[in-house]
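Only one structure is covered here, and it is reproduced in the block below.
Quick note: the coordinates plus some simple rules give every number you see, no bench work behind them. All values derive from a computational prediction rather than experimental measurement. All Cβ positions, glycine included, derive from the backbone under ideal geometry; neighbour counts span all protein chains shown.
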């Protein structure tokens, strides 16, 4: 009987050499006449261990990592196909502390299964949510999502059920489901992991959304920088069509849902839902004003659900196990789990899915193991390039939308980027302005002109010019951006800028007391 | 007088029966659902600062100056994009809002030249106004990156584009898209690099820009600015008047400095144009003060003599004496006159009155003879009134639009834009035209069917459409039974159901595949609202009237009449074609289309004009030429028409003019006809006189004098002088008195007066007791025929005698271009020549290949009537076997080749079908050489006369 060996196909693992390791294993096995079955699974999300090779044994899957092609021959020598001892042997994968402590609902299958195997998907609880949904009324599907407490995981945290309900109640001959897969925040990768590691869960979530609101067409708007995800999604979609999970008459239900993947053209702002729709319509990625809400007049002017990958990928488990099951995770008004992405200067970067409520400190140290450099952590940016910087004094903030908001910080898409004490926060503030300048769509005045002026003002500040004039000017500019911008790009750029200024005034060359707003 | 700027409500008006009441700054305001908070505020005089919003285009929400706070709402929404709702409580001014607005303005000004005092927009700049409104006192930035060195684009002759002053509000881009529908502009780049880009970063003149002026109109700064304003400064007063170009009849504000027109700005409340314009009306007004204007009366005994400048008294006395002499010698009927579709209703009325009452005959005709006379005939017969059935706005309710033999985006550009807007909203389009006009495929518009028929086969095609409707049971029986003469309908039904009209049978005649005709007929017949629009491609044929009748039959059979969104709509070529016809310009009809022999009409006018009028119809234009050559028609009074260029078989026309003993031309230029004249009476341009024009939708609009007549008299005064000299007294002191007389004598004009026109802006006739404010849509519950019923008429297809033969294997058809206007007398004397400086012959690549012709070659065009030479333009817009040209330049000699075939009912020339041969040549035709010599001679005779004086 052949031995099953898992080498991740995930692009982070690949960037660490997983593809070359897979080839080396296959060649070595052939050379030695060992019958192996090589599966390219998704990543378990413990990136410091990638390439993480797993071997299926009677006791469970045994992990080896990080494995380089040069290690392969030695692993065979150590009889790793039977779980043999080796310096890289990490023990049973699912007993690894980092993994074991997680609450994996949305990521339940990721790393375990072959992403493009529908059989694997179904064998591991896949399409149970859809099966339930097909037996429910539309209102009941929406109610389950509402009851789950799921909020938009793209960052805005808008209650998903309410959005769906609006689309359900807006009459139209054509409605759309859009998956926002333009994951562009710095330090984020959870969407990519889902699309590369478990594409069917997204397809299932979108199909359920389609059934729930009567939308017969779905689009996955995928950033062009995710070529692996593009291939894997398309392969999975093709299989789903073939097996009657997409197209007309889904699983004999008479319901229709079509799905295709569209690639973006490299603009960060197209992750904003209205410019995403403009782009999807073939136009320049310009932000639209709201109202009308996309739920009422979205893609091509039709009622449209726009949800993030994680939001949609969380739907199958909700429909499988019920809204209450999902709701039991989390705290306060933040229900369910959040896939947190640890990145930057951190010892153990990776994906941690947990119910809301853990503190930042627990994440950084218990999971992340402190900084990779070994130096003290000075600040973390949570929620992508538009998220605030948190100083150590705020590390005890629990991961909870409201707790973060109370600190004038944001959880966003759950990306955490860690900086040690060598960082200069004025440079980071300048970087935030520059990011806004580069990515601004150019429609609204505050963002279009303000971001350029912001960089110039920061240059003056960094060079110590006229601080008594330029610091107030920076604050005023941030005010204009915050209150005047059309979308969150300009509207939230003040978060990192002002948090850096307020928490680290010394990096701006000024005395803390003099600047406190 | 003042410049009296039009109020800008910021966002377009919304129509809704649902009204909501909200509170803005403590004031209650009620507005229709869908209205923006900004507009609601403006309606009660609360002006919220704004830059990217203007009420001619949809809100965009980009400048963010218009932010407000809403009680219970989060953040600061833009008032231009926030719709009103019941009970909303809005605050438009407070410290926080002021800070944001000032912050935004500080950013704007950090990238704007501080040259207000020397800026062309000084005094008319919204950025300047807003900087004042928000109280910006200081710009604290030290900008490194700016656009201050961006290079000006001066390529357009009428406006300049200075990107250093651009605030990237996108108003120009949106106006180009929404108002004009050309999509020539876009924003290139993103973020701070965003900039307005014509085409793909080209100069305006190299882009698809059609110079309609919508962008200039929309620009809030000096970025897009009329060169006339740059040269002269801001205008100081404005007078609303009506454009004198095409039959759309746009309303314009003539913005003036004293008597100098600084710019023509389309009026927002103009009911035909709603604030839009085209390159002609908006910019091409410079001809009015062109050096070629003749401002002194002139006379001469023979056309080989030098002109002699004389006083008005002498010129009028000479003209009158000549006319009297000719009548004495050749009889009462030996003289006549022509009115013009270029002149006002009042002038036209006066000319025909002079002829009928002063000359004592009915020898009056007008240029509609050569354009829309078949419309007059066909629609009068079937519907009972010689006019289109709809107003322009009706198109916005049409679900299917048929465009046959008309090229709206070139010929009627402002209406073309409205049509495109409706098409972008989803209306279906059927184009029936031998050539691929722009509408067939233009940004975001594509014809569902383009029935590319052979020129001259209109009747066969219209019959085939009707055949499908009848035989596939698509007739609106209820409409026909209730509204039409059923006996006539039944006769027609039997006629049209015959197999000879089936699309399969007509395919070999028209060249249009049967399946396409069937599909188009079904589309037309089954839509909720189908509107039919046509032009000279329908009328200027030997069966022009038959096609008009055929179209009327189609509309009646499908019930597409009597409400908004439907109808039969002739697009009139000239500003006052409708009006000149209404005013009794035809030899057989008195004003209001009443026959000269009708006893009641005869009695009415004889009484009113205090003379016994002739009951014999007079001569039509072609008959006048025949009679001139016969020696029985020797004197002509021609006001504002250029028959020596515009009429077919031009050599014949010239011969007739030469045969006459006294040709009196009243015009603003020494036009082609004037070269054959003995008396020249200098006319006034539309800017120099008062009156009214009636556009294609029967809209009577005011023409207001903005400068004094260069020659001293408005045209109506000249006619009056001539009449008095002839012994028929006229004593009008103002054109309004002429209109009062028209109203008194014409039932459909009974309710029209200058007071009412001033009050309503414009009036669509019929305007009388039944319809005191005019009639946008006609035939709403009965047709205007005597029995109230629509009349179906039989339309047998009779092929034209103008046939292709081995000697003349191609068919020449003609059309217009956007930048030039008809005979070109005006537009050729403006910078519009930058777009079109010569007429060219379009020829299909196959036909060109056969003849070894490439684009730019000189080609000879020879017909049975004559020969001329043009440069070739090889294109696939025309089909093989068909060639096409425009006719805006006299030296092109398009009418040297056209024949004297004409419509059976009205003598409208068959301009659109001439069999020709095309060959490559190396020199102008004989006619062109003689034309050149003659023109040179006439200009010398003019010059020597002027020097002499």
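Can you give me the pair-distance distribution of the stretch A:330-420, C-alpha pairs, 5 Å bins, whole percents? Once binned at 5 Å, the Cα pair distances of the stretch A:330-420 give 3, 16, 29, 28, 17, 5, 1, 0. With the convex hull drawn around the C-alpha atoms of the stretch A:121-201, the volume per residue stands at 128 Å³.
Among the residues of B:134-143, the average count of other protein chain beta-carbon atoms within 10 Å of the residue beta-carbon is 3.
Peptide B:94-106 has a mean of 4 when you count, residue by residue, the C-beta atoms of other protein chains within 10 Å of its C-beta.
Rg and Dmax over the alpha-carbon atoms of the stretch B:409-524 stand at 15.9, 46 Å.
Calculated [222 nm] ellipticity per residue, helices only, for chain B: -8500 deg cm²/dmol; basis is -39500 (n - 2.57) per DSSP H run with n ≥ 4, divided by all residues, nearest 500. Here the gap between residue B:871 and residue B:616, fully extended at 0.36 nm per residue and compared with their Cα-Cα distance, gives a gain of 87.1 nm. Beta-bridge orientation, the stretch A:118-327: approximately 10 percent antiparallel, per DSSP, counting only bridges with both partners inside.
For the stretch B:810-934, the calculated P(r) over all alpha carbon pairs, in 5 Å bins from 0 to the bin holding the longest distance, is 2, 12, 20, 23, 21, 14, 6, 2, 0 percent.
The spread of Cα positions in the stretch B:26-108, taken along each principal axis and listed from longest to shortest, comes to 35, 30, 22 Å. If both residues of a DSSP beta bridge must be in the stretch B:632-720, then about 30% of such bridges are antiparallel. Where Rh is the Kirkwood radius over the Cα pairs of the stretch A:406-469, the temperature 10 °C and the viscosity 1.306 mPa s, what D in µm²/s does Stokes-Einstein return? This corresponds to a translational diffusion coefficient of 117 µm²/s.
Taking the convex hull of the alpha carbon positions in the stretch A:65-124 and averaging its projected area over all directions gives 5.4 nm². Taking all Cα-Cα distances within chain B, those exceeding 45 Å account for 31%.
Extension gain, residue B:944-residue B:740: 0.36 nm per intervening residue step, less the Cα-Cα distance, totals 69.1 nm. Classified by the C-alpha gyration tensor, the stretch A:118-327 has a rounded form. Its axis ratio a/c, with a ≥ b ≥ c, is below 1.5. When the alpha-carbon atoms of the stretch B:771-861 are used, the pair Rg, Dmax equals 22.6, 63 angstrom. Taking label positions 7 Å along the Cα-Cβ direction at both residue B:98 and residue B:269, the computed distance is 3.4 nm, reported to one decimal. Calculated FRET efficiency, residue B:193 to residue B:291, Cβ-Cβ distance, R0 = 45 Å: about 0.45 to the nearest 0.05. Overall shape of the stretch B:725-794 was characterised from the C-alpha gyration tensor. The equivalent ellipsoid obtained from it has semi-axes of 30, 18, 9 Å, in decreasing order.
Using a cutoff of 8 angstrom between alpha carbon atoms and counting only pairs six or more residues apart, the relative contact order for chain B works out to 13 percent. Between residue B:922 and residue B:606, full extension at 0.36 nm per residue minus the direct alpha carbon distance yields a gain of 107.8 nm. Counting only the Cα atoms, the stretch A:425-515 fills a convex hull of 71 Å³ per residue.
The orientation-averaged shadow of the Cα convex hull for the stretch B:706-855, equal to a quarter of the hull surface, comes to 18.0 nm². Taking max minus min of the alpha-carbon positions on each principal axis, the stretch B:103-164 gives extents of 37, 28, 17 Å, largest first. Ordered from longest to shortest, the equivalent ellipsoid semi-axes for the stretch B:317-435 are 42, 14, 13 Å, each the square root of 5 times a Cα gyration tensor eigenvalue.
Across all C-alpha atoms in the stretch A:219-265, the radius of gyration and Dmax reach 12.1, 37 Å. Within the protein assembly as shown, DSSP assigns beta bridges of which about 55% are antiparallel (rounded to the nearest 5).
Expressed as a whole percent, the proportion of Cα-Cα pairs in the stretch B:668-761 lying more than 16 Å apart is 64%.
For the listed peptides B:608-615, A:37-44, a ranking on the average number of other beta carbons within 10 Å per residue, highest first, reads A:37-44, B:608-615. Can you classify the stretch A:262-395 as rounded, prolate or oblate using the Cα gyration tensor, where a ≥ b ≥ c are the square roots of its eigenvalues, rounded means a/c under 1.5, and otherwise it's prolate if a/b beats b/c and oblate if not? In terms of gyration-tensor shape, oblate. Compared with the dominant principal axis of the Cα atoms in chain B, helix B:514-526 is inclined by about 60°.
The base-10 log of I(q)/I(0) for the stretch B:373-570, evaluated at q = 0.15, 0.16 Å⁻¹, reads -0.84, -0.97 [Debye formula, identical scatterers on Cα atoms, solvent excluded]. Between residue B:838 and residue B:486, what FRET efficiency follows from the Cβ-Cβ distance if R0 is 56 Å, with the result rounded to 0.05? The pair residue B:838/residue B:486 has a calculated efficiency of 0.55. Note on the stretch B:868-910: the alpha carbon radius of gyration divided by the globular reference 2.2 N^0.38 Å gives 1.41. Comparing the stretch B:474-572 with the 2.2 N^0.38 Å rule of thumb, its C-alpha radius of gyration ratio is 1.10 (two decimals).
Going by neighbour counts of Cβ atoms within 10 Å, the residues B:52, A:9 line up, fewest first, as A:9, B:52. The coefficient of translational diffusion for the stretch A:3-100, derived via Stokes-Einstein from the alpha carbon Kirkwood radius under 37 °C and 0.692 mPa s, stands at 254 µm²/s.
Shape descriptor for the protein assembly as shown: Rg over Rh equals 1.06 (Cα atoms; Rh from the Kirkwood inverse mean 1/r). Ellipsoid semi-axes for the stretch B:143-289, based on the Cα gyration tensor and the rule √(5λ), read 27, 17, 13 Å when sorted largest first. Taking label points 7 Å from Cα along the Cα-to-Cβ direction, residue B:473 and residue A:248 give a separation of 2.8 nm.
Among B:372, B:602, the order by Cβ neighbours within 10 angstrom, fewest to most, reads B:602, B:372.
A simple spin-label model places the labels of residue B:528 and residue B:504 3.6 nm from each other, with each point 7 Å out along Cα-to-Cβ.
Here the Debye sum runs over all C-alpha atoms of chain A as equal scatterers in vacuum, and log10 of I(q)/I(0) at q = 0.06, 0.07 Å⁻¹ comes out as -0.29, -0.40. Counting other Cβ atoms within 10 Å as a rough exposure proxy, the listed residues B:927, B:765 run B:927, B:765 from fewest neighbours to most. Does the stretch B:695-742 come out rounded, prolate or oblate by the C-alpha gyration tensor, with a ≥ b ≥ c the root eigenvalues, rounded set by a/c under 1.5 and, if not, prolate when a/b is larger than b/c and oblate if not? Oblate.
Packing order of peptides B:585-591, B:559-565, highest average first: B:585-591, B:559-565 (average count of other Cβ atoms within 10 Å over each peptide's residues).
Round to the nearest 10 and give me the degree value, 0 to 90, for the angle of helix B:458-471's Cα axis relative to the longest principal axis of chain B. Roughly 70 degrees between the two axes. Once the C-beta distance of residue A:162 and residue A:325 is scaled by a Förster radius of 25 Å, the resulting FRET efficiency is 0.80 to the nearest 0.05. Taking the C-alpha atoms only, the angle from helix B:735-745 to the longest principal axis of chain B is near 60 degrees.
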